[in-house]
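Have a look at the structure below, then the notes.
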Amino acid sequence: MTDTVSGGGAVDAAELRRRTQELLAAYPVGSTDRVDFLKARFDAGLAWVHYPEGLGGLGAPRSLQAVVDTELEAAGAPDNDPRRIGIGLGMAAPTVLGYGTEEQKNRFLRPLWVGEEVWCQLFSEPGAGSDLAALGTRAVRDGDDWVVNGQKVWTSSAHLARWAILIARTDPDAPKHRGITYFVCDMTDPGVEVRPLRQITGEAEFNEVFLTDVRIPDAHRLGEVGDGWRVAQTTLMNERVSIGGMRIPREGGMIGPVSRTWRERPDLRTHDLHQRLLKLWVEAEVARLTGERLRQQMVAGQPGPEGSGMKLAFARLNQEISGLEVELLGEEGLLYEDWTMRRPDKVDFTGRDAGYRYLRSKGNSIEGGTSEVLLNIVAERVLGLPSEPRTDKDVAWKDLAR
Amino acid sequence: MTPTTTQRAQPDLLYSEEEEALRAAVRDLLADHCDPAGVIARTESGAPHDREAWKALAEGMGLAGLLVPEALGGQGATHREAAVVLEELGRAVAPVPYLTSAVVATEALLACGADDLLTELASGRRIGALAVALNIAPGGAHRTVRIENGALHGELTGIADATAADVLLVPAEDGGLYAVDSDAVTVTAQVSLDLTRPVATVVLDGVPARRIGDAAPAVRRALRAGAGLLASEQLGLAEWSLTETVRYLKERKQFNRPVGGFQALKHRLAQLWLETVHTRAAARNAADALAGGSGDSTEVDVAVALAQAYAAPVAVHAAEEALQLHAGIGMTWEHPVHLYLKRAKADSIAYGTAGSHREALAGLVDLQAP
């Protein structure tokens, strides 16, 4: 869907290189404002080359993005700080592109990619975690608007966001998957209240978002009324694809800090820890190679089902490795850097101290799909084993147990 | 040493079209020759090796010479292709001396530059075996034989596929590697855990032999290639175990439903799938590193040790899960799962245990013991 070609036929690597050099010549890196450069890059179709012309792309194969990125990196050009706007880039944009009207695509994609507008995601609710389709936030039609009431949770960047992708219940009488509609929600609406959600690390990466009579114009609906679950699949597929897409050097992940500590601190070494460290080092390096193989498959245009498993491995390894590191540190492992409540605007799973890494990694097997649900998905979709018995599929949402 | 600075260029972890075509051809051939019932029957026949299958693979398809240069009558291919062959041989738990002759003995001969023997082994008409016990890891200490008046004396045990071999490559106490005709020695099959890759004792009683080169580098090179490519065989074993178990559990019904629908079992199979996906990456990485020659020998050592440290336990785990999830039928002699369990368990010792490969890694990537 996002690989559709529009306009004048195939754009190859040489042509992309030429256009990138043209951009750099017209907007010299040293003397061009960062945002101006990013806007010019978007308008030249070099933002995400697989997007259509006029929307930041050239309808080129996705694999050729690396050509542009390499040229721009070599020239020292500024990037759009992708980690700050990850939800917009990874989840909102593909959904807007796939289901948005021309007006919506033209309005939202450019400021999203440039980073002028941060996006967040209003999906999970206190009563709808793994069973996301059970969500209860209501949207009721009122003239040209929808009026939304409910509570969302685990929303990163909500306090920084201009827009949110939101799924809400529009038909409580329909079975749960069929009564949901997908919207773009204005986070500056007076009915939106954002409260930090403090987590076990002491800080608040995420928020709770309370929606009270929030008005959303029908023009900000994505996809058909009642079709929100299908639209949300696009968003969630892209969330899982974006994990494991990057090339990582050896010891580039959680195994890096503990390996360095091991080398620098012979006083901490024990035989038991040595055996466990080597086992985890092997698993981490093989997981890295598995990610690299997946990347090579995607570049070759043969994506396999392997991606569904990457997050499972990564979650377990992060947890075991960071747990080992706290133990390795001995007396220092009894300490923690800082419990002060803070609002980090970026999250680095392998950053800060070992205690933080240990605690933060506990979330890796929960966020973006629990490991238990992912194992079901692998068993059913990859191995073709029978689905879990379901009693909720054909029952009106309003009649479900809660 | 900073490990990140010594990495080789990115490995190619995929299969080429030619490699996939090779896989399909080998799989077809094995479907005709190595059906499970036939393999089980053969294990008790006194001639466990499948000569017909070997002839078809080695002479018919020329696969015994994959690692031998074309000028010596081989295919001039690489470890990447040999690895694909081994995946399929593992999947069929085929009783043919491919790993031992076409990989391990061939690598030893390549190290020695023993061109005449290479040509013979490449043709598939003669089978070679390195007379080093199967459990020895690359760089590990192994037994040698005595030399008296130019003749070899001694007894070696645990020699894989020696009963099928025509020529044995024997390390002697003088540091030489000697080629010995199997007719000139006494080879006795040992009752082996792995029925499809049996080990044997070799007794040399004043055997005339020809020195073909230095044993140390040849044995080391041979065992390294063996360990690295064994990971591909282990991948094949694990994949069969997973695929066959999934197939069976979709059919098998208890409590009025397919057993494969129980979540406790689904999660175990999903976990196993994840392990095989990881094993594929590790095995391809090792094959690609070996194929790259000795560009950076340390990196080849890392890739091989990594692959064995990871793949060996996965193959065992897969076969053990296959047995448990097949339950009663899996415990019978009639069902082939025991062939896979026995091969996987023997493979976990072959060319060094996972633990010995982890120890090797400790030195290679500078994670030293206390």
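The values are calculated or read from the model by the stated rules, or taken from the named source; none is laboratory data. Just so you know, these numbers come straight off a predicted model, no measurement behind them. Cβ coordinates were reconstructed from backbone atoms using ideal geometry, including for glycine residues, and neighbour counts include every protein chain displayed.
What residue, among those in the range A:378-399 that are of a type in the set (A, V, I, L, M, F, W, C) and touching a strand residue (DSSP E or B) at 6+ places or on another chain (Cβ under 9 Å), is nearest to the other protein chains (Cβ to nearest Cβ)? Out of the qualifying residues, it is A:L385. Exactly one residue among A:T20, A:T70, A:T95 is more than 30 Å from A:R221 (Cβ to Cβ), surrounded by 14 or more Cβ atoms within 10 Å (Cβ to Cβ) and of a type in the set (S, T, Y), and that residue is A:T20. Could you list, in sequence order, all residues of the range B:66-79 that are buried (at least 24 other Cβ atoms within 10 Å of the Cβ) and not in a loop (DSSP other than H, G, I, E, B)? Scanning the range B:66-79 gives a single hit, B:H79. For the range A:260-272, a residue qualifies if it is more than 8 Å from chain B (Cβ to nearest Cβ) and part of a helix (DSSP H, G or I), and the qualifying residues are A:R260, A:T261, A:E264, A:D267, A:L268, A:D272.
Assuming B:G46 fulfils every condition listed in (1) of a type outside the set (S, T, N, Q); (2) within 24 Å of B:A227 (Cβ to Cβ); (3) touching a strand residue (DSSP E or B) at 6+ places or on another chain (Cβ under 9 Å) apart from one, which condition is it? Every condition holds for B:G46 apart from (2). Take the conditions over 29 Å from A:K362 (Cα atoms), touching an Asp or Glu at 6+ places or on another chain (Cβ under 7 Å) and in the same structural domain as A:E224 (by TED's automatic domain parsing) and apply them to A:W146. Does it pass? Yes, satisfied. Considering (1) at the interface with another protein chain (Cβ under 10 Å from one of its Cβ atoms); (2) buried (at least 23 other Cβ atoms within 10 Å of the Cβ); (3) touching a residue at least 12 places away in the same chain (Cβ under 8 Å), the lone condition that B:A322 does not fulfil carries the number (1). No other residue among B:A218, B:A189, B:A165 is within 22 Å of B:H49 (Cα to Cα), small (G, A, S) and crowded, with 24+ Cβ neighbours inside 10 Å apart from B:A165. Residues in the range A:204-251 that are within 14 Å of chain B (Cβ to nearest Cβ) and either at pLDDT 95 or above or in contact with an Asp or Glu (Cβ under 8 Å, 6 or more places away or on another chain) (or both): A:R247, A:I248, A:R250, A:E251. Any idea how many residues of the range B:277-302 are more than 24 Å from B:Y340 (Cβ to Cβ) and more than 9 Å from every other protein chain (Cβ to nearest Cβ)? Qualifying residue count for the region: 14.
Pick from the range A:352-377 the residues that are closer than 15 Å to A:G309 by Cα and either free of Cβ contacts under 8 Å to residues at least 60 places away in the same chain or among the small types (G, A, S) (or both): which of them is nearest to the other protein chains (Cβ to nearest Cβ)? Filtering first and then ranking leaves A:N376. From the list B:R284, B:R252, B:R247, B:R268, which one is of a type in the set (D, E, K, R) and touching a residue at least 60 places away in the same chain (Cβ under 8 Å)? Going through B:R284, B:R252, B:R247, B:R268 in turn, just one is of a type in the set (D, E, K, R) and touching a residue at least 60 places away in the same chain (Cβ under 8 Å): B:R284.
In the range B:240-270, of all residues being within 7 Å of chain A (Cβ to nearest Cβ) and under 26 Å from A:V286 (Cβ atoms), the one that is surrounded by the fewest Cβ atoms within 10 Å (Cβ to Cβ) corresponds to B:H267.
Among the conditions (1) in contact (Cβ under 8 Å) with a residue 12 or more places away in the chain; (2) within 14 Å of chain A (Cβ to nearest Cβ); (3) farther than 24 Å from B:A286 by Cβ, B:P370 misses just one, which is (1).
Restricted to the range B:104-206, the set of strands (runs of 3 or more DSSP E) holding at least 2 residues that are touching a residue at least 40 places away in the same chain (Cβ under 8 Å) comprises B:128-130, B:151-160, B:167-171, B:176-181. Annotation: of all residues in the range A:296-325 being more than 7 Å from chain B (Cβ to nearest Cβ) and closer than 24 Å to B:Q308 by Cβ, the one that is surrounded by the most Cβ atoms within 10 Å (Cβ to Cβ) is A:I321. Scan the range B:66-83 and tell me whether some residue there is touching a His at 6+ places or on another chain (Cβ under 6 Å) and not assigned by TED's automatic domain parsing to the domain that holds B:G330. Scanning the range B:66-83, I find no residue that is touching a His at 6+ places or on another chain (Cβ under 6 Å) and not assigned by TED's automatic domain parsing to the domain that holds B:G330, so the answer is no. Selection over the range A:367-398 of residues that are touching a helix residue (DSSP H, G or I) at 6+ places or on another chain (Cβ under 7 Å), closer than 23 Å to A:T181 by Cα and in a helix (DSSP H, G or I) gives a count of 1.
Here's the yes/no breakdown for (1) farther than 24 Å from B:T196 by Cβ; (2) surrounded by fewer than 24 Cβ atoms within 10 Å (Cβ to Cβ); (3) modelled with pLDDT of 95 or more; (4) not β-branched (V, I, T):
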site: B:A94; (1), (2), (3), (4): no, no, yes, yes
site: B:T100; (1), (2), (3), (4): no, no, yes, no
site: B:A108; (1), (2), (3), (4): no, no, yes, yes
site: B:C112; (1), (2), (3), (4): yes, yes, yes, yes
site: B:L117; (1), (2), (3), (4): yes, yes, yes, yes
site: B:G128; (1), (2), (3), (4): no, no, yes, yes
site: B:I136; (1), (2), (3), (4): no, yes, yes, no
site: B:R143; (1), (2), (3), (4): yes, yes, yes, yes
site: B:N149; (1), (2), (3), (4): yes, yes, no, yes
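Residues in the range A:378-402 that are within 19 Å of A:L135 (Cβ to Cβ), among the hydrophobic types (A, V, I, L, M, F, W, C) and in contact (Cβ under 8 Å) with a residue 12 or more places away in the chain: A:V395, A:A396, A:W397, A:L400.
Scanning the range B:62-81 for residues being under 18 Å from B:R126 (Cα atoms) and within 19 Å of the chain's Cα centre (by Cα) gives a total of 7. Annotation note: of A:V209, A:V184, the sole residue that is in contact with a helix residue (DSSP H, G or I) (Cβ under 8 Å, 6 or more places away or on another chain) and of a type in the set (A, V, I, L, M) is A:V184.
Could you tell me whether A:E337 is farther than 27 Å from A:Q296 by Cα, within 14 Å of chain B (Cβ to nearest Cβ) and part of a loop (DSSP other than H, G, I, E, B)? Against the criterion (farther than 27 Å from A:Q296 by Cα, within 14 Å of chain B (Cβ to nearest Cβ) and part of a loop (DSSP other than H, G, I, E, B)), A:E337 does not qualify.
Which of (1) β-branched (V, I, T); (2) more than 28 Å from A:D267 (Cα to Cα); (3) within 20 Å of the chain's Cα centre (by Cα) is the odd one out, the single condition A:V382 does not satisfy? The single condition A:V382 does not satisfy is (3).
Check whether at least one residue in the range B:2-11 is surrounded by 17 or more Cβ atoms within 10 Å (Cβ to Cβ), within 14 Å of chain A (Cβ to nearest Cβ), part of a helix (DSSP H, G or I) and at pLDDT below 95, and report yes or no. Yes, the conditions are met somewhere in the range B:2-11.
Based on this model, can you work out whether B:A287 counts as crowded, with 21+ Cβ neighbours inside 10 Å and in contact with a Lys or Arg (Cβ under 7 Å, 6 or more places away or on another chain)? Yes: the conditions hold for B:A287.
Okay, residues lined up against (1) farther than 30 Å from A:L135 by Cα; (2) assigned to a helix (DSSP H, G or I); (3) more than 18 Å from the chain's Cα centre (by Cα); (4) of a type in the set (D, E, K, R):
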site	(1), (2), (3), (4)
A:D189	no, no, yes, yes
A:L211	no, no, yes, no
A:R247	yes, no, no, yes
A:V258	yes, yes, yes, no
A:V282	yes, yes, yes, no
